[in-house]
1. By how many degrees, 0 to 90 and rounded to 10, does the Cα axis of helix 6-24 deviate from the longest principal axis of the chain?
2. Under 15 Å from the 7 Å Cα→Cβ point of residue 77, by amide nitrogen: which residues of region 83-125?
3. Relative to the longest principal axis of the C-alpha atoms of the chain, give the angle of the C-alpha long axis of helix 74-92, reported between 0 and 90° and rounded to the nearest 10°.
4. Give me the angle, in degrees from 0 to 90, between the Cα long axis of helix 95-105 and the longest principal axis of the Cα atoms of the chain, rounded to the nearest 10.
5. Over region 26-93, what is the relative contact order in percent, taking alpha-carbon pairs closer than 8 angstrom and at least six residues apart?
6. At q = 0.13, 0.18, 0.20, 0.23 Å⁻¹, work out log10 I(q)/I(0) for region 73-150 with the Debye formula, treating every Cα as an identical point scatterer and leaving solvent out; two decimals please.
7. If the chain between residue 130 and residue 12 were fully stretched, how many nm would it gain, using 0.36 nm times the residue separation less the Cα-Cα distance?
8. Could you list 120, 80 so that the one with the fewest beta carbons within 10 Å of its beta carbon is first and the one with the most is last?
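Bear in mind that the values in this text are calculations on the coordinates, not laboratory data. All of these numbers come straight from a predicted model, not from anything done at the bench. FYI the Cβ positions are ideal-geometry reconstructions off the backbone, even for glycines, and counts take in every protein chain you see.
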């Protein structure tokens, strides 16, 4: 019997996560409102479809790959650690400030970007996260400990 390796398990796990969020996005959040257009579940459902399709392609690619294990690099683990930091930060200071801190830290520390480039990217991220998601789609973000003060 062949051992289950991470190169097989990860595409299957991400496909299952995509299916769960597709079901939640369509059934509970509301995909489309006939009068107002896209609902809060519109974007999560689209992302879920992309995740499911890319997971299927990744699984097919692992069947063609003859190597024993997938190599992991330090840079890849930094992205995972940053994602965990955003999740932890969303409970403390809220999701939006955590994401903004992530953008600033990543661009200044790891990418060595100038302040001008960092602030331009931050302004675009702020417009998308607040303008599109909060105002247009009406998706409420976790506010962390500040939720009690507002």
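1. 40 degrees
2. Counting backbone N atoms under 15 Å from the label point, the list is 83-84.
3. The angle comes out near 40 degrees.
4. 70 degrees
5. Working: 22 pairs, mean separation 10.7, N = 68.
Reported as a whole number, the value is 16 percent.
6. Taking Cα atoms of region 73-150 as identical point scatterers yields -0.45, -0.82, -0.97, -1.13.
7. Numbers: separation 118, 0.36 × 118 = 42.48 nm, distance 3.24 nm.
Gain in length upon complete extension: 39.2 nm.
8. Working: 120 13, 80 10.
Final ranking by Cβ density, sparse to dense: 80, 120.
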